[in-house]
1. Please give the length that would be gained between residue 43 and residue 66 if that part of the chain were fully extended, namely 0.36 nm times their separation in residues minus their C-alpha to C-alpha distance (nm, one decimal).
2. If the chain between residue 117 and residue 101 were fully stretched, how many nm would it gain, using 0.36 nm times the residue separation less the Cα-Cα distance?
3. With the full set of protein chains in place, find how many percent of the accessible area of segment 81-136 is carbon and sulfur; take the probe as 1.4 Å.
4. Using a Förster distance of 30 angstrom, determine the FRET efficiency expected from the C-beta separation of residue 56 and residue 32, and round it to 0.05.
Amino acid sequence: MATPTRKSARPRPAPAEPADAAPDTLHTAPDNIWLAGLGALASAQANAQAEGTKAFEALVQQGLQMQARTQALAKEQWNEAAQRMGAFTAETAGAAGSWDRLGGIFEGRVARALASMGMPAASEMAELRQRVQALEQALAALQAPRAKSKPAAPRGAGRKPKPAP
């Protein structure tokens with residue numbers, strides 16, 4: 001779909017007067033308005049550019065100040081948190097004894113429950129292991145002299161002789 005074209009402002013008529021005419025008579029009223037607008041635009045752009053640079057520098061300074069404030073605040077809060085954690089750690093170190101007592105109570109109850117089911121205690125299992133090791137050593141000592149004193153029988157010595165034909 002075509003868009004309707006806009007009619008632009010009427011084209012500026014070429015000056016009909018010679019170039020050596022007086023400055024007041026050189027331009028007509030519409031030309032003077034047009035040129036005044038261009039001058040205002042150029043002036044506004046120049047001011048905006050100069051003010052824009054100043055405004056940018058001011059924003060950078062404000063940003064630096066804001067960054068310094070937030071870093072200081074964050075550091076302060078970090079220190080407060082570290083102090084709270086230190087105090088909490090000190091409190092829990094004192095509570096470690098109570099945890100040890102609780103662990104002892106738990107172990108005692110588990111040991112009683114296992115004993116009621118007929119399970120041997122850890123100390124009883126250690127005693128049994130020692131007894132088994134002692135018995136294995138005694139058995140090995142008894143078997144060693146028997147193996148040395150009994151000579152090996154020659155092959156075929158235990159067989160019946162074959163009948164003669």
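The values are calculated or read from the model by the stated rules, or taken from the named source; none is laboratory data. Predicted, not measured: the structure shown is a model, and the values here were computed from it. Ideal geometry is used to build each Cβ from the backbone, glycine not excepted, and the neighbour counts take in all protein chains shown. To get the accessible areas, we keep the full protein, side chains included, count just its heavy atoms, and leave off ligands, DNA and RNA. Shrake-Rupley method; radii C 1.70, N 1.55, O 1.52, S 1.80 Å.
1. Working: separation 23, 0.36 × 23 = 8.28 nm, distance 3.37 nm.
Extending this stretch completely gives an extra 4.9 nm.
2. Working: separation 16, 0.36 × 16 = 5.76 nm, distance 2.48 nm.
Extending this stretch completely gives an extra 3.3 nm.
3. Values: 3130 of 4920 Å².
Answer for segment 81-136 is 64 percent, counting heavy atoms of protein chains only.
4. On the way: r = 36 Å, r/R0 = 1.19.
Efficiency, rounded to the nearest 0.05: 0.25.
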